[in-house]
Amino acid sequence: MASGSLSVLVVVVFIAGGIAVATPPTQQAANLSRSGSSTHITHPAGRHVKGMKTDTNVLAGVIDFHAHTGPDVEPRLVNDLQLVRLAKQAGMRAIVLKSHFMPTADRAELAMEEVGGIEVFGGIVLNRSIGGLNAEAITRMLQLDGHRGKIVWLPTVDAEHIVGNAPGHRPFISVVKDGKPVAELDEIFKIIAKNNLVLETGHSGPEESLILIPAAKAAGVTKILVTHAMALGATVDQLKQMAAMGAIIECCWLGYLTKPDAKTGAGPVEIAAKLDECAQAIHVVGAQHFLISSDMGLKNYPLHTDAMKAFMAALKARGISNAEIDLMTRKNPAKLLGLVP
Ligand SMILES: [Zn+2]
């Protein structure tokens with residue numbers, strides 16, 4: 001992984017440079033004009049980005065729907081500003097910032113104002129740190145300046161599906177009881193529907209998601225993303241059911257990498273067999289029902305931008321077409337975020 005660590009070094013130098021030479025406010029205004037809460041932005045795919053290497057063209061217009069950044073409760077590879085600058089430089093269209101513990105709508109606004117020329121979104125994960133299934137937390141997020149909060153994730157690290165069956169388990173949050181969504185979700189689904197937000201299933205199990213999706217739809221929710229469904233155990237048959245109900249299925253690059261080896265210093269490597277399964281699922285269920293994202297941000301893993309490139313290349317090598325990649329990295333995520341696909 002010598003070349004990997006070299007590229008990280010180069011990137012760090014680039015990032016440091018980016019911090020030193022901040023874009024002047026007047027140029028930011030030129031990059032981005034706003035009217036009310038809506039934002040008009042030049043599509044990065046149609047624009048030459050100065051200093052862009054030809055090999056980064058594959059990311060033009062691409063959206064990463066699952067980006068972990070610092071500041072966080074664990075060390076992160078890059079912070080919000082570093083990632084957004086990097087993504088803009090690569091010609092990407094948008095980034096969705098995700099924290100398991102704190103809202104990211106405010107940070108998204110700050111990063112977007114500061115960098116300019118790229119869409120940045122955030123949201124809130126309904127884990128214990130914000131009070132669990134807490135409708136008030138979503139309502140307040142929606143009032144934040146800039147209105148960049150577009151995603152509500154059901155519990156992730158505190159989900160019953162993750163914590164509940166572990167020996168000596170810690171407190172967890174249930175989203176389904178006796179085959180029905182818990183009562184607290186009634187109001188939450190209503191807020192999501194009323195504000196046209198994206199409901200993500202978080203770390204709910206596939207059986208739970210198959211109960212949550214129709215209930216959310218009945219409450220008026222139209223945008224549903226099943227968070228890295230296959231990594232949580234969804235079978236192809238379950239993916240087909242989710243897709244038939246209109247949900248989009250997420251696949252994250254993190255799920256297709258081995259863990260880095262702390263002893264040898266070896267970096268993560270692609271798991272070919274799992275990628276074969278992913279490509280097969282996309283082929284069988286249909287790319288129109290999927291989006292792919294990075295879930296990067298951990299130390300000793302690739303940068304988000306490199307992860308997106310690697311994911312696209314790995315799927316292409318398995319027979320997924322450019323048109324299908326376009327659906328999963330540009331059109332489907334754009335639709336969910338309310339951008340013109
Ligand atoms: Zn994640």
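Read the figures in this text as sums done on the coordinates, not as results from a lab. It should be emphasised that the depicted structure is a prediction, and the values quoted were computed from it without experimental measurement. Reconstructed Cβ throughout: ideal geometry from the backbone, glycine too, with neighbour counts over all protein chains shown.
Structure notes:
- Glu277 paired with Asp261, simple spin-label distance in nm, labels 7 Å along Cα-to-beta-carbon: 2.3
- Trypsin sites (Lys or Arg not before Pro) lying in DSSP loop within the stretch 221-285, provided at most 15 other Cβ fall within 10 Å: Lys263
- Summing Lys and Arg as +1 and Asp and Glu as -1 over all other residues whose Cβ lies under 11 Å from the Cβ of Glu160 gives a net charge of -1.
- Fraction of antiparallel bridges per DSSP, the stretch 61-336 only, in percent to nearest 5: 15
- Farthest toward the positive end of the dipole of the stretch 61-336, out of Ala218, Met92, Ala273, is the Cα of Met92, where the dipole comes from beta carbon charges about the Cα centre.
- In the stretch 114-255, a dipole from Cβ-located charges (positive for Lys and Arg, negative for Asp and Glu) runs towards its positive end, and of Gly255, Leu154, Leu144 it is Leu144 whose Cα lies farthest in that direction.
- Cα gyration tensor shape of the stretch 59-113, rounded if a/c is under 1.5, else prolate or oblate by comparing a/b with b/c: prolate
- The stretch 61-336 shape via C-alpha gyration tensor axes, a/c threshold 1.5: rounded
- Efficiency of FRET from Cβ geometry, Asp145 and Glu187, R₀ 22 Å, rounded to 0.05: 0.35
- Dipole magnitude of the stretch 61-336 about its Cα centre (Cβ charges: Lys, Arg +1; Asp, Glu -1), debye to nearest 20: 380
- Only lysines eight or more places from Lys194 in sequence, or on another chain, were considered; those with a Cα closer than 19 Å are Lys150, Lys217, Lys223, Lys335.
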